[in-house]
Amino acid sequence: MSTDERLRRWRMVLGGEAEESTAQGLSAEDRAVDEALAALYEGRPEGAGGKRAAGLGASAPRVARWLGDIRQYFPSSIVQVMQRDAVDRLGITRLLMEPELLGAVEPDVHLVGTLLTLNEVMPEETRSTAREVVRKVVLELEARLAERTRAAVSGALDRAARTTRPRHGDIDWDRTIRANLKHYSPELGTIVPDRVIGYARRNHSVQRDVVLAIDQSGSMAESVVYASLFGAVLGSMRALRTSLVVFDTAVVDLTDQLEDPVDVLFGTQLGGGTDINRALAYCEGLVTRPAETIMVLVSDLYEGGVREDLLRRARSLVESGVQLVALLALSDSGTPSYDAENAAALSELGVPTFACTPDLFPDLMAAAIRRDDLGAWAATALAD
C-alpha cells in the first residue's frame, strides 16, 4: 500500500479533524463518503457544549437524503449498522414515522424492532409503509429459516414414530440390515434379523403441542421478531398444535393470527414491565397433554411479579411432564443481558436455560420432539 493510500485511509477513519495532520485531500467521492460519516459520527447533540460540527438535524428530507447516500457508498450490512447508530446517537426515532423516510431505509431485524416500539403512536398514513418494511424483512427471514425448520421438525417427528413391529411394506430395510449385521449366518449366507425396524403408519393427528411464550419488554425486540416468525412456521405444520402468547404485565394470545407473522408482530406492543408468572399461568391453562407439550419461554427473566410464584409455577409445569425451555434470547446479537439468579433457579428445577440463535432454533425444536437431554444438547450446540 502506498503512503498516500495509507494516509487517505487514516484521514477517512479519523474524520475532518485529521485533514491537516495527514495533509491529505479527498476526491469528490471520498468527500461525499466523509460527509455521510461526519453527519453521524462527528455530530454533537445540542447542549453538549461547543458548536455542532455536523449532524442530521430534525429534518426528514435531510435524513432521507443521508439514507440514500449511505446506501450508495456502503454495503447493506454497514448501512444497517449506521441506521441503528443514527437512531441511538441522534434520536431520529420519531422521524421513522414519516412514510418518505421509511421508504429510504434498509430494512433489517433491528429496524423492525424499532418500528414495533412505535406501533401505538404511528400515524395512520405511515402504518401501511411500515407494514411493507416489516413484511420485506419477514420474507427474507422466512427464506433463510422456514424450510429448514419444517425439515428439522418433520424429521424428528418421523423418527419419533419408528416402530419395531412394522408391517412388511413399512420396513426400513437399510436400518434393519445395519442393526443386524452381527447376526449374519455364514451357513445360510444371509442375515437372521434379531429385530426389525420400520416406520409407523403415518399419523395425521397432532403429535406435539407447542406453546411459545414471548416476553415483549423493550429489551427483547429482536427475539420477538424471530419468535413470531418461528411461531408462524410451526403453526403451519399439521402435526403440531402451536399456540403463541406475548406478554409484559398483561398477556395476549395471538394464536389466531399465526397465519401471517406480520399480523403477529403488529399485535405485539414492545415496552413496559414484565410478569412472567402471569404468562406461565395462562400458558399452563393451554396444556391438555403435558407429556406431549413443549413450552418455550423467550424472556430475559427480569421478573416484575412475585419471583417465588414464578418458580413455583415452573416447578409445577416440569413435574406435570411439560418440556419447559427458557430462552434468554432468540437473536444473533451475542450474549444477552438477563437475570442470572432466576436463570440459575430455573436450571435447578430442571428447566434448560440458555440463549439461542435463530439458526439453532430448528435443531432445538427437533431435539425437544425427540425428547433429547436439552441441557446436554445446548452445551454441545453452543460450544460448536
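For segment 288-384, the Cβ-based charge dipole about the Cα centre amounts to some 360 debye (Lys, Arg positive; Asp, Glu negative; other atoms uncharged).
Mind checking the full-extension length gain between E341 and R65? Use 0.36 nm per residue of separation minus the Cα-Cα distance, one decimal, nm.
Values: separation 276, 0.36 × 276 = 99.36 nm, distance 4.71 nm.
Working it through step by step, the gained length comes to 94.6 nm.
What is the angle, in °, between the Cα long axis of helix 3-14 and the longest principal axis of the Cα atoms in the chain? Nearest 10 is fine, range 0 to 90. So the inclination is approximately 80 degrees.
For segment 207-290, a simple Cβ point-charge model (Lys and Arg +1, Asp and Glu -1, everything else neutral) yields a dipole of about 360 debye relative to the Cα centre. The long axis of helix 60-73 is offset from the longest Cα principal axis of the chain by roughly 70 degrees. Using a simple spin-label model with pseudo-atoms 7 Å out from Cα toward Cβ, R127 and D256 lie 1.8 nm apart. Annotation: extensible slack from R31 through R312 equals 95.0 nm (criterion: 0.36 nm per residue apart, minus Cα-Cα distance). For the chain, the dipole from Cβ point charges (+1 on Lys and Arg, -1 on Asp and Glu) about the Cα centre works out to 1300 debye, to the nearest 20. Over the chain, Cα pairs under 8 Å with separation of 6+ residues give a relative contact order of 12 percent. Taking the C-alpha atoms only, the angle from helix 307-320 to the longest principal axis of the chain is near 30 degrees.
Anisotropy class assigned to segment 287-332 is oblate, per the alpha carbon gyration tensor with a/c at or over the 1.5 cut-off and a/b no larger than b/c. Here the spin labels are modelled as points 7 Å beyond Cα on the Cα-Cβ line, and at S185 and D158 they lie 3.3 nm apart.
Each reported figure results from applying straightforward, stated rules to the coordinates on display, with no laboratory input. Quick caveat: nothing in here was measured; it's all calculated off a predicted structure. With ideal geometry, Cβ positions are generated from the backbone for all residues, glycine too; neighbour counts draw on all protein chains shown.
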